[in-house]
Amino acid sequence: MVSETNLEQFREVTPAGRFTLQNSAMLKVRLENDQIQAKLGSMVAYQGDVRFEHKGGGLGRFFKKAVTGEGVQLMTATGTGDLFLAQDKRKIMILDLNNEQMTVNGESILAFEPGVDWDIRRVEGAGRLAGGLFNVVLQGTGKVAVTSDGDPVLLDTSTPTFADPDSAVAWSGGVRTSVRSDVSFKTFMGRGSGETFQIAFEGPGWVLIQPSEGPTIPEHSHAGQGGSGGIGSLFED
């Protein structure tokens, strides 16, 4: 029989508020007869009396989904107990909103508190390029847990900054965005399907960039079909 002494290094961390990191890739959420919103499928374990309900986002957001064929996948966790969340071993960061606004890549949303409202919006200037480049806008007061594929870097957008749509994790509310297109080196190497698109960030604020461009698209797949791939894969407008 394995002694618990050998496993002490993996002992769960005592909660320090509602959101507590257990390690770099697992979040513990303490529920006390209340609720939080989390990414559908992110629950890996729970203790206590916790109930889950799939949330489509309300009538307005449902209508957006019907128009574009895409939608955010959230669940509401309600009750009393401890909820453990994770996503594909991605690094988790806890951010605080204080009557503020922040935009997040849909793939990077993990959970947020009831005091934070959300909506789905298209990146300004995106039009129909690359599926529309849809993101989720969070606004209010509370904690937000986001994920990154690897250790991210925080860039100051007072200098014009450009990022691959799948590499931009989140950015502050005052930052102006637009879309820039060009032909990349990948196209000439046969790895791309034509034009590529970058999000441009300008103005006082920040953008969080992950060291990844998202999942690799199989050679014979078509990224523009089936509503999959990129920031637009979970959101609608």
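The values are calculated or read from the model by the stated rules, or taken from the named source; none is laboratory data. None of these values were measured; they are calculated from a predicted model. Methodologically, a virtual Cβ is constructed for each residue, glycine included, from the backbone with ideal geometry; neighbour enumeration extends over all protein chains shown.
Considering only residues that are in a loop (DSSP other than H, G, I, E, B) and either polar (S, T, N, Q) or modelled with pLDDT under 95 (or both), look in the stretch 152-172 and name the one that is nearest to residue 212 (Cα to Cα). Result: 167. Put simply, of 178, 184 the only residue that is modelled with pLDDT of 55 or more and either on the phi < 0 side of the Ramachandran plot or surrounded by 12 or more Cβ atoms within 10 Å (Cβ to Cβ) (or both) is 178. Among residues of the stretch 128-137 being surrounded by fewer than 18 Cβ atoms within 10 Å (Cβ to Cβ) and not in a strand (DSSP E or B), the one that is modelled with the lowest pLDDT is 129.
Only a single item in (1) at negative phi; (2) assigned to a strand (DSSP E or B) is not met by residue 140, and it is number (1). The set of residues from the stretch 79-109 being touching an Asp or Glu at 6+ places or on another chain (Cβ under 7 Å) and either part of a loop (DSSP other than H, G, I, E, B) or more than 14 Å from residue 22 (Cβ to Cβ) (or both) comprises 79, 80, 81, 90.
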